[in-house]
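Peer 1: Quick one: this structure, given as structure tokens, is what I'll be asking you about.
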Amino acid sequence: MTIMTARIAAVLLGGCLAASLFSGPVFAVGNDNSTMPTCKKGEIYDQKTKKCVKQQSANVSDENRTDYAYSLAKAGRYEEALAMLDTVRDQNSAEVLNYRGYATRKLGRTDEGISYYLQSVKMDPQYAKVREYLGEAYVIKGRLDLAKEQLNTIKTICGMACEEYQDLNAVILDPSKI
């Protein structure tokens, strides 16, 4: 093989690799162990078939819809996340209320987000993720005392090494990290 042939092969291989990276579903951004891909608008990621399907024809569980809504929210697609949460049959779960709070807070409706977080806490007081997000909302409102209460509660739930504790602690120390 000549040097020119090797170079052409390398360029083609690199192009194929790059194309394969951008041809699949987009993964949600964030460090909350959110690994569900997000699809284009009007589709939902079906965890069973491992592909994007039309949202209206999708026969996916409430849990799948809830997880997908969170992935949309983590990707900054807050309105779509709220619309997806509207399709969940059981609106009264701690996760649905938490993710609804997260999306509304990220849309700038912090008080509304807090009300959803508080409902979620009432349903599952040991749910550390909602405590983290509630604490972040309190930081936004300038209520560091209430944020620190949530931090202390998280500490009793999962300790100081868990992600929720570390993330909220970082935000309390430096509110610009929200």
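Peer 1: Got a sec to turn the phi values of the range 108-122 into Karplus ³J(HN,Hα) couplings, 6.51 cos²θ - 1.76 cosθ + 1.60 with θ = phi - 60°, whole Hz, x for Gly and Pro?
Peer 2: x, 9, 4, 4, 5, x, 4, 5, 5, 4, 5, 5, 5, 4, 4
Peer 1: Right, here's the next one. In nm, what is the difference between 0.36 nm times the number of residues separating residue 166 and residue 49 and their Cα-Cα distance?
Peer 2: The span from residue 166 to residue 49 would gain 38.7 nm if fully extended.
Peer 1: How much accessible area per residue does the range 73-178 have, counting only protein heavy atoms and a probe of 1.4 Å, in square angstrom? Intermediate values should be presented prior to the final figure.
Peer 2: Values: 5020 Å² over 106 residues.
I get 47 Å² per residue for the range 73-178.
Peer 1: Starting from the amide H of residue 43, placed 1.01 Å from N in the peptide plane, find each other amide H under 5 Å away whose residue is 5 or more places distant or on another chain.
Peer 2: The answer is 55.
Peer 1: What ranking do 143-152, 128-137 get when scored by the average of other Cβ atoms within 10 Å per residue, highest first?
Peer 2: Order by mean packing, descending: 128-137, 143-152.
Peer 1: Name the residue from 152, 64, 76 whose Cα lies farthest towards the positive end of the charge dipole of the range 34-167, charges +1 on Cβ of Lys and Arg and -1 on Cβ of Asp and Glu.
Peer 2: 76
The values are calculated or read from the model by the stated rules, or taken from the named source; none is laboratory data. Keep in mind that this is a model prediction, so the values were computed, not measured. Here the Cβ is made from the backbone with ideal geometry for all residues, glycine too, and neighbour counts use every protein chain on show. Just the protein is used for accessible areas: all its heavy atoms, side chains included, with ligands, DNA and RNA removed. Shrake-Rupley method; radii C 1.70, N 1.55, O 1.52, S 1.80 Å.
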